């Protein structure tokens, strides 16, 4: 399942903030359009994978394209991804044996987003992270 959203990423702090649409329109130069995909590991830990959307040309950079392809493959089988710096993208390893299906939780995407971005949802330009990036604090 995927949810479209806008992320503001603070790479130096390795933090991502979900930006509400009304704010995103006002700070478009600071954010990135992504699709948030639900994922689950073998211990049934659910998490989100943000995959940047293609640019205006319709293309993604190699990192984003390889991540998108990995997410698509993961819909059908268990995978593991590893960053490959030389290749400039992700290596995808598909499970070689038949593994059991994941035990997905009962809650939906909106609850998962609420939990994943707890305290990191930007709903106004007054948010301290936005104010800092705009040089106002």
**Asked** Roughly what angle does helix 62-74 make with the longest principal axis of the chain, taking Cα atoms, 0 to 90 degrees, to the nearest 10?
**Response** 50 degrees
**Complete:** Which of 58, 108, 89 fluctuates most in a GNM of the chain (C-alpha springs under 10 Å)? That residue is 58
**Request:** Give me the number: length gained by fully extending residue 15 to residue 63, i.e. 0.36 nm times residue separation minus the C-alpha to C-alpha distance, one decimal in nm.
**Result:** 15.4 nm
**Prompt:** Hey, what did the chain get for relative contact order, percent, Cα under 8 Å, at least 6 apart?
**Reply:** 24 percent
**Prompt:** If we count other beta carbons within 10 Å of each Cβ, what is the order of 35, 14, 126, fewest first?
**Reply:** 14, 126, 35
**Item:** Fewest-first sequence of 112, 134 by Cβ atoms within 10 Å of each Cβ
**Value:** 134, 112
**Asked** Between 46, 23, 97, which gets the highest mean-square fluctuation from a Gaussian network model of the chain, Cα cutoff 10 Å?
**Response** 97
**Request:** Kindly provide the helix-only [θ] at 222 nm of the chain, computed as the sum of -39,500 (n - 2.57) over DSSP H runs of four or more divided by all residues, to the nearest 500 deg cm²/dmol?
**Result:** -6000 deg cm²/dmol
**Request:** Could you check which residue among 63, 78, 104 shows the biggest mean-square fluctuation in a GNM of the chain with a 10 Å Cα cutoff?
**Result:** 104
**Potential lengthening between residue 96 and residue 121 on full extension [0.36 nm per residue; Cα-Cα distance subtracted]** = 5.1 nm
**Asked** Could you give the length gained on full extension between residue 106 and residue 87, defined as 0.36 nm per residue of separation minus the Cα-Cα distance, in nm?
**Response** 3.0 nm
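FYI, it's all coordinate maths here, none of it is from the lab. For clarity, every value in this text was computed on a predicted model and none was experimentally measured. Positions of Cβ are backbone-derived with ideal geometry, glycine not excepted, and every protein chain shown enters the neighbour counts.
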